[in-house]
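Engineer: Dropping a structure here in structure tokens format, bear with me for questions.
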Amino acid sequence: MVDLESEVPPLPPRYRFRDLLLGDQGWQNDDRVQVEFYMNENTFKERLKLFFIKNQRSSLRIRLFNFSLKLLSCLLYIIRVLLENPSQGNEWSHIFWVNRSLPLWGLQVSVALISLFETILLGYLSYKGNIWEQILRIPFILEIINAVPFIISIFWPSLRNLFVPVFLNCWLAKHALENMINDLHRAIQRTQSAMFNQVLILISTLLCLIFTCICGIQHLERIGKKLNLFDSLYFCIVTFSTVGFGDVTPETWSSKLFVVAMICVALVVLPIQFEQLAYLWMERQKSGGNYSRHRAQTEKHVVLCVSSLKIDLLMDFLNEFYAHPRLQDYYVVILCPTEMDVQVRRVLQIPMWSQRVIYLQGSALKDQDLLRAKMDDAEACFILSSRCEVDRTSSDHQTILRAWAVKDFAPNCPLYVQILKPENKFHIKFADHVVCEEEFKYAMLALNCICPATSTLITLLVHTSRGQEGQQSPEQWQKIYGRCSGNEVYHIVLEESTFFAEYEGKSFTYASFHAHKKFGVCLIGVRREDNKNILLNPGPRYIMNATDICFYINITKEENSAFKNQDQQKKSNVPRSFYHGPSRLPVHSIIASMGTVAIDLQDTSCRSTSGPTLSLPTEGSKEIRRPSIAPVLEVADTSSIQTCDLLSDQSEDETTADEETSSNLEYAKGYPPYSPYIGSSPTFCHLLHEKVPFCCLRLDKSCQHNYYEDAKAYGFKNKLIIVAAETAGNGLYNFIVPLRAYYRPKKELNPIVLLLDNPPDMHFLDAICWFPMVYYMVGSIDNLDDLLRCGVTFAANMVVVDKESTMSAEEDYMADAKTIVNVQTLFRLFSSLSIITELTHPANMRFMQFRAKDCYSLALSKLEKKEREKGSNLAFMFRLPFAAGRVFSISMLDTLLYQSFVKDYMISITRLLLGLDTTPGSGFLCSMKITEEDLWIRTYARLYQKLCSSTGDVPIGIYRTESQKLTTSESQISISVEEWEDTKDSKDQSHHRSNHRNSTSSDQSDHPLLRRKSMQWARRLSRKGPKHSGKTAEKITQQRLNLYRRSERQELAELVKNRMKHLGLSTVGYDEMNDHQSTLSYILINPSPDTRLELNDVVYLIRPDPLAYLPNSEPSRKNSICNAMGQDSREETQL
């Protein structure tokens, strides 16, 4: 240790402590050298260069002074011409000698000295080794011509009257002006507009040409007509404008030659300037120019940032954004990095949009482009992802960078961001509103399986409409469907509302029922003033406060409504209709239905305690009076609220003790232990006690735990839900969660089979292995064997998700081609299968379940075109697949993001309805089916009362299925043909096995015979054609078509059965002849209270949160709301 210390050298003297005390005395003999930097800039030349050239502000002053000198010299020339007396005679000496007074000469000499000195100094400072480059420059030559003669005249007085073309200094002034503008923009640190510079150059060039021509003609005509400056100006303007009156013309050959030279110069210089100006104008049209600061501060505007702008996206945004009255004065600035599309350019030239929409070509990642769009003054910024890309993750990354860039540039600008993948959502949590496409898509498709047409319900709610679609149609269902589509979600403070103010201090259920009974509005949720969470149907225990914000569904908001009492309506001669105007309430039909409900309320002496089901009244009561319904209480009575303990297994159906014990061991309720991505909302679900091994998740592969290789072998009690997707993305997790939510009864849980083109990764399997009855299989819907193995023959729903690899196509609308053809094949092979399809473009939904010769579909196509011509935002709503909820496009939900600018609560309400978010005390969306035993309720108003008084449910709409109304001749033809075919089939089926019911013989040799006989029968009918009228000919055509369809379906059914036999699958239960082509379904959102209920109507309900009403006693309650949800293992909740 001592040796190591001895080897350390002592500190130098300058680092010792005594040197700090003694100061710099020890530094006198120091060997350090002080180095000065940038010594080259300390020379006299560099200092002059810094002052005259490099420094922006001083250089700007120098150029401004030089510009003023040139203008002064031109002004002195004009003064000299005006003061000069026109001399007599035509001598050439008048061209070379002029009369110049001594003071004027002195001023011109001073200007010339200063200008020449400045020119020589700047030439010396900018010298770079080539002297001729400096001398031969045009500005330097002009300076020599204008300054040197005056300087020589100082030493040679006889030359003081020599003519000097001082007017050429205008070109030097133009050159100084260009340099001055450049220095000006450098000094204020702002980029100038190239368009402004080019216009300035063009104007200055034109002025210099005219001024030079004026002065030259005037001087050369001193020996001719002796024109003054005004006559020269007149001549130049007439000549350059190609008018040529001829009253003023040059006389001398010199002036004529000068005019020719000036015209040649103008023909060369001006076209070049105009060409550059036109090019810059075209470039500016492409880039869009700027949105001025003055406009940004005096007007309101929003910015739309997209990577590529398509016409469909643009029109969806504009139609939805400007559908709100208070946004009519807003401007839309589009910031897009690509050049404007031809279709987009054509649309933006329409006067309605050209005055409102400004297109800027630029990137959101550049502060310069954000400044052009005045992002810091914008009311909002919408950032949309490009969904038509194969790599959706890359598209999300671009969206994230745009959001970051906008937030960095304008921190106070509200952000509305659309993201594609849920795993990327947490990067933009700072945004004010975020819509994750895959989250909403899969949750909506999942709810479509248990609440039919949920996608259509949500789409209609988030679209702005006045309910005027289909009002000119002869079809009654289209009229009522179009009227109800105008219902939207609105909000109002309770104490400021006419609808709800009287219900302060009363229960939510009471307020909802009576507001619907009185005004026809459907109260669906509330939000406390001091709470950000929205509660959908908080139940009868929730007491309304004056400061609560009420959310309701209605045709228009309360502020745009007019109110009439019953007496005024009796006096007015207004026909009874559902809605009698876009801004009126359905008061007439409501009052018409109030009488029946009022009678029930008055005659009811006690509440019904029969249970949650809408049970039939006794026969005696039917004979005496109409069945009564219990009134809705103002304040909830704990004894009358029917609740269930969903945390216990007694909430399920009536089962034996052994069955309950086995079910207790199988399922549990809790939060999923593993989420596949950050940012997923935790949902209380049905879970397994132990996770399933990954090998058991594979449906078509046996393992050491089970030996099943197809869906049929599992023996599921409920029908399957099959999801066909390309990959198992994280968004698919949101398909499973709503179907396994805690409020779904165990006996209603459908097995889920994921039919994937590519094997899932381990992270996804880790997330789904805790859910019961969830399986996957690697296969494709292109392969019939894969479909049969995954159980398509006994599936309740088949969900076909659009494949990412097909979203990018050469022709945009061809992105859905493969999906449409595959679904059409499924539709032909399995006509009874309920297929729910996702498409990229909503316009392609007309090809779903396509039937080229279907007259009804052709009529709907014409109706859609008419609605589009009227400017409807929902022209596609009358397409049967959309109305029935069998087709969905995620682009329909783009309006959800746009609408949130006006209704900031729409995203939260939609997430609650879809089950993406769960708020304690908030209800959930479910459905119930009207059976024959429930038709005693008769009207929607009585159903509303029954639900509110018994279970606390709030109905929001009806899903109705009807048969297509054919003409008499068509129906008779179809019946006669099918009767003949059924007779023929019964004869052919007499020798077949029982498990092949509803099918023809398995011997394929019978089919040509059947078809041959059918065609012979059709030909016999055709030969009788001329004897009948035109209607008979239509009958024959329809008969032929039905025969062809029938025989074709038999062949397809035989193909499916043969493949099932080949795979070793049982054909029992395959119902190939069940065809639902003759039915149509549609949604009625918040229908009129007097709407009659029909058999098989599905009612959409917002059911209160069962966890909010867990009973403290009576743990065993068989007559609970859950019994109503799961009774008799029905697929839909029964009344």
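The values are calculated or read from the model by the stated rules, or taken from the named source; none is laboratory data. This one's a predicted model, so the numbers in the text were calculated from it and none came from an experiment. No Cβ is skipped: glycine too gets one built from the backbone with ideal geometry, and neighbour counts run over all protein chains shown. Areas reflect the complete protein model, heavy atoms only, side chains present, ligands, DNA and RNA absent. Shrake-Rupley method; radii C 1.70, N 1.55, O 1.52, S 1.80 Å.
Engineer: Over the C-alpha atoms of region 125-235, what are the Rg and the largest Cα-to-Cα span, Dmax, in Å?
Structural biologist: 18.1, 54
Engineer: Still on this structure, I have one more. Please work out the FRET efficiency for the pair residue 813 and residue 294, using the Cβ-Cβ distance as r and a Förster radius of 25 Å; give the result to the nearest 0.05.
Structural biologist: Working: r = 42 Å, r/R0 = 1.68.
Between residue 813 and residue 294 the formula returns 0.05.
Engineer: Now for a separate question. Please list, in chain and number order, the residues 5+ apart from residue 97 or on another chain whose amide H is under 5 Å from its amide H, with Hs placed from the backbone.
Structural biologist: The list, which skips near neighbours in sequence, is 163.
Engineer: When the Karplus curve 6.51 cos²θ - 1.76 cosθ + 1.60 is applied with θ = phi - 60°, which whole-Hz ³J(HN,Hα) does each residue of region 392-402 get, with x for Gly and Pro?
Structural biologist: 6, 5, 4, 5, 5, 4, 5, 5, 4, 5, 5
Engineer: Going by the alpha-carbon gyration tensor, a ≥ b ≥ c the square roots of its eigenvalues, is region 821-926 rounded (a/c under 1.5) or, if a/c is not under 1.5, prolate (a/b greater than b/c) versus oblate?
Structural biologist: Oblate shape, in that a/c is at least 1.5 and b/c is the bigger or equal ratio.
Engineer: If you don't mind, there's one more thing I want to ask. For region 514-567, what is the accessible area per residue in Å², given a 1.4 Å probe and the full set of protein chains? Can you show the working numbers first?
Structural biologist: Values: 2170 Å² over 54 residues.
Spelled out: the 1.4 Å probe surface of region 514-567, per residue, equals 40 Å².
Engineer: Moving on to the next point. Taking R0 as 56 Å, what FRET efficiency do you get between residue 393 and residue 137 from their Cβ-Cβ distance, rounded to the nearest 0.05?
Structural biologist: Working: r = 57 Å, r/R0 = 1.02.
The computed FRET efficiency comes out at 0.45.
Engineer: Rank by packing, highest mean first: peptides 447-453, 139-145, with packing defined as the count of other Cβ atoms within 10 Å averaged across residues. Mind showing how you got there, number by number?
Structural biologist: On the way: 447-453: 24.4, 139-145: 16.1.
In descending order of packing, they fall as 447-453, 139-145.
Engineer: Quick check on region 366-511: what does the Kirkwood estimate of hydrodynamic radius come out to from the alpha carbon pairs, in Å? Display every interim value, and only then the final one.
Structural biologist: Details: mean 1/r = 0.0525 Å⁻¹.
Final number for the Kirkwood radius of region 366-511 is 19.1 Å.
Engineer: Sticking with this structure for a sec: Roughly speaking, what is the stretch gain from residue 118 to residue 1094, that is 0.36 nm per residue apart minus the C-alpha to C-alpha distance, in nm to one decimal? Don't skip to the end; give the middle numbers.
Structural biologist: Numbers: separation 976, 0.36 × 976 = 351.36 nm, distance 9.75 nm.
Full extension from residue 118 to residue 1094 adds 341.6 nm.
Engineer: Another question, if that's okay. Give, to the nearest whole percent, the P(r) tail of region 431-515 beyond 16 angstrom, counting all Cα pairs. The partial results should precede the final answer.
Structural biologist: Working: 2509 of 3570 pairs.
Percent of Cα pairs beyond 16 Å in region 431-515: 70.
Engineer: Ok, one more. What do you get when you divide the Cα radius of gyration of region 402-475 by 2.2 N^0.38 Å, with N the number of residues? If you can, show how the numbers build up before the last one.
Structural biologist: Working: Rg = 17.6 Å, N = 74, 2.2 N^0.38 = 11.3 Å.
Normalised by 2.2 N^0.38 Å, the Cα Rg of region 402-475 equals 1.56.
Engineer: Of 425/903; 441/818; 366/421; 747/903; 701/1057, which sit over 30 Å apart, Cα to Cα? Kindly include the intermediate steps, with their values, before the conclusion.
Structural biologist: Values: 425/903 21 Å; 441/818 19 Å; 366/421 25 Å; 747/903 38 Å; 701/1057 22 Å.
Over 30 Å apart, Cα to Cα: 747/903.
Engineer: Turning to a different aspect of this structure: How many percent of the alpha carbon pairs in region 283-404 exceed a separation of 22 Å?
Structural biologist: On the way: 2314 of 7381 pairs.
For region 283-404, the fraction of Cα-Cα distances above 22 Å is 31 percent.
Engineer: Okay, next question. Quick query: amide H of residue 380 versus all other amide H atoms, modeled in the peptide plane; which residues come in under 5 Å with a sequence gap of 5 or more or a different chain?
Structural biologist: Those qualifying (amide H under 5 Å, at least 5 residues apart or on another chain) are 303.
Engineer: Additional query: Evaluate region 870-911: find the radius of gyration of its Cα atoms, find its Kirkwood radius, and give the ratio Rg to Rh.
Structural biologist: Working: Rg = 12.3 Å, Rh = 11.8 Å.
Taking Rh as the inverse mean 1/r over Cα pairs, Rg/Rh reads 1.04.
Engineer: Enumerate the calculated ³J(HN,Hα) couplings along region 464-470 in order (Karplus 6.51 cos²θ - 1.76 cosθ + 1.60, θ = phi - 60°), each rounded to whole Hz, writing x wherever the residue is Gly or Pro.
Structural biologist: Values, residue by residue: 7, 8, 9, x, 9, 5, x Hz.
Engineer: Counting each pair of different Cα atoms once, what's the Kirkwood radius of region 324-383 in Å, rounded to one decimal? Write out the running numbers ahead of the final one.
Structural biologist: Values: mean 1/r = 0.0796 Å⁻¹.
Mean inverse Cα-Cα distance, inverted, gives 12.6 Å.
Engineer: With every protein chain left in place, what is the accessible area per residue of region 201-295 in square angstrom, probe 1.4 Å? Don't skip to the answer; put the middle values down first.
Structural biologist: Values: 5190 Å² over 95 residues.
For region 201-295, the solvent-accessible area averages 55 Å² per residue.
Engineer: Points 7 angstrom from Cα along the Cβ direction at residue 71 and residue 559: gap in nanometres?
Structural biologist: Reported label-point gap for residue 71 and residue 559 is 5.3 nm.
Engineer: Tell me the Rg and the Dmax, in Å, that the Cα atoms of region 77-153 produce.
Structural biologist: 16.2, 52
Engineer: Okay, moving on. Express the C-alpha Rg of region 692-842 as a ratio against the empirical globular expectation 2.2 N^0.38 Å, rounded to two decimals.
Structural biologist: Values: Rg = 15.4 Å, N = 151, 2.2 N^0.38 = 14.8 Å.
For region 692-842, the normalised Cα radius of gyration comes out at 1.04.
Engineer: List every residue whose amide H lies under 5 Å from the amide H of residue 927, counting only residues 5 or more places away in sequence or on a different chain, with H placed 1.01 Å from N in the peptide plane.
Structural biologist: Hits under the 5 Å cutoff: 1101, 1133.
Engineer: Okay, moving on. Rounded to the nearest 0.05, what FRET efficiency is calculated for residue 50 and residue 328 with R0 set to 60 Å and r the Cβ-Cβ distance?
Structural biologist: With R0 = 60 Å, the Cβ-Cβ based efficiency is 0.60.
Engineer: In whole percent, and with a 1.4 Å probe on the protein chains, what portion of the accessible area of region 678-833 is carbon and sulfur? List each step's numbers first, then the result.
Structural biologist: Details: 2930 of 5780 Å².
Roughly 51 percent of what the probe reaches on region 678-833 is carbon or sulfur.
Engineer: When the Karplus curve 6.51 cos²θ - 1.76 cosθ + 1.60 is applied with θ = phi - 60°, which whole-Hz ³J(HN,Hα) does each residue of region 441-457 get, with x for Gly and Pro?
Structural biologist: 4, 6, 5, 5, 5, 5, 5, 4, 6, 10, 10, x, 6, 4, 4, 5, 4
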